[in-house]
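Peer 1: My structure is below; once you've seen it, I'll send some questions.
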């Protein structure tokens, strides 16, 4: 088994042969957080000329919809346009803290890299992401630890909202309704970094009926990495 941290990934992967033809992959995604939920996941194998997101660049409208409201439909259409092979919502809904989702993916010739996205709840525009990970051609099991990113499209006010793109506030679907507070005054009122970047994490507070945040600092704070991706390449 090979284990990769994203910070050292480029140097390590320089020694690994990568797949340029069709491959059979078993995919497993584990939520490593204590109190954060993942919205429906999108996993896509595509060419290295495309991407679902790029760190340091502005978020696309499709990425914004996913990062602010958990809607992957726009990114699915983007992936379809470039001929990607996809897994949509392998968890069958929200992926709860500590839980795992698994599925198999057959890739086509030329779809040589793997990407993954899902919104992090509760956050304003945070998402777990993997950007253009080269699929190894050598059979085996490969593990990558994934960071949480900020789409840079919404202020991290940490207060309840409807999750519509361009509107302030966090979506709070079941089963988070009883876990997220209310009447917070807001942590931040403006965007300080409008590009996709590593998420600073939730601030939260311990007041479920007021304070600066509707997020609990006891259960819904988090640090990177937020997910573990295991990819098994078949013989």
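The values are calculated or read from the model by the stated rules, or taken from the named source; none is laboratory data. Owing to the predicted nature of the structure, the values given are computational and were not obtained by experimental measurement. For neighbour counting, all protein chains shown are included, and Cβ atoms are generated from backbone atoms with ideal geometry for every residue, glycine included.
Peer 1: Residue 43: within 28 Å of residue 155 (Cα to Cα), outside any loop (DSSP other than H, G, I, E, B) and in contact with a helix residue (DSSP H, G or I) (Cβ under 7 Å, 6 or more places away or on another chain), yes or no?
Peer 2: Against the criterion (within 28 Å of residue 155 (Cα to Cα), outside any loop (DSSP other than H, G, I, E, B) and in contact with a helix residue (DSSP H, G or I) (Cβ under 7 Å, 6 or more places away or on another chain)), residue 43 does not qualify.
Peer 1: When you look at residue 138, is it at positive phi, over 17 Å from the mean Cα position of the chain (by Cα) and touching a residue at least 12 places away in the same chain (Cβ under 8 Å), yes or no?
Peer 2: No.
Peer 1: Does segment 87-114 hold any residues that are surrounded by 17 or more Cβ atoms within 10 Å (Cβ to Cβ) and assigned to a strand (DSSP E or B), and which are they?
Peer 2: Within segment 87-114, 87, 95, 101, 105, 107, 113, 114 qualify.
Peer 1: Any residue in segment 121-130 that is assigned to a strand (DSSP E or B), surrounded by fewer than 18 Cβ atoms within 10 Å (Cβ to Cβ) and touching a strand residue (DSSP E or B) at 6+ places or on another chain (Cβ under 8 Å)?
Peer 2: no
Peer 1: Okay, next question. If you check every pair at least six apart or on different chains, which have Cβ atoms under 8 Å apart with a residue in segment 47-68 that is on the phi > 0 side of the Ramachandran plot and surrounded by fewer than 19 Cβ atoms within 10 Å (Cβ to Cβ) first and a residue that is modelled with pLDDT of 95 or more and outside any helix (DSSP H, G or I) second?
Peer 2: 56/195; 56/196; 56/197
Peer 1: Every residue in segment 66-86 that is out of contact with any helix residue (DSSP H, G or I) (no Cβ under 7 Å at 6 or more places or on another chain), in a loop (DSSP other than H, G, I, E, B) and closer than 23 Å to residue 31 by Cβ, please.
Peer 2: Matches in segment 66-86: 70 only.
Peer 1: What pairs come out if I take residues in segment 119-130 that are over 13 Å from residue 59 (Cα atoms) and pair them with residues that are at pLDDT below 95 and not in a loop (DSSP other than H, G, I, E, B) whose C-beta lies under 9 Å away, six or more apart or interchain?
Peer 2: Between residues of segment 119-130 that are over 13 Å from residue 59 (Cα atoms) and residues that are at pLDDT below 95 and not in a loop (DSSP other than H, G, I, E, B), the close pairs are 130/6.
Peer 1: So if I check each of 231, 196, 144, 180, which one is surrounded by 17 or more Cβ atoms within 10 Å (Cβ to Cβ), under 26 Å from residue 61 (Cα atoms) and in contact with a strand residue (DSSP E or B) (Cβ under 9 Å, 6 or more places away or on another chain)?
Peer 2: The match here is 196.
Peer 1: With the requirement that a residue be within 28 Å of residue 42 (Cβ to Cβ) and either part of a loop (DSSP other than H, G, I, E, B) or in contact with a helix residue (DSSP H, G or I) (Cβ under 9 Å, 6 or more places away or on another chain) (or both), what does segment 214-230 give you?
Peer 2: If the condition is that a residue be within 28 Å of residue 42 (Cβ to Cβ) and either part of a loop (DSSP other than H, G, I, E, B) or in contact with a helix residue (DSSP H, G or I) (Cβ under 9 Å, 6 or more places away or on another chain) (or both), then 214, 215, 219, 220, 221, 222, 223, 224, 225, 226 are the ones that fit.
Peer 1: Among the listed residues 72, 36, 27, 12, identify the single one that is surrounded by fewer than 18 Cβ atoms within 10 Å (Cβ to Cβ) and either at pLDDT 95 or above or under 29 Å from residue 141 (Cα atoms) (or both).
Peer 2: From the options 72, 36, 27, 12, the qualifying one is 12.
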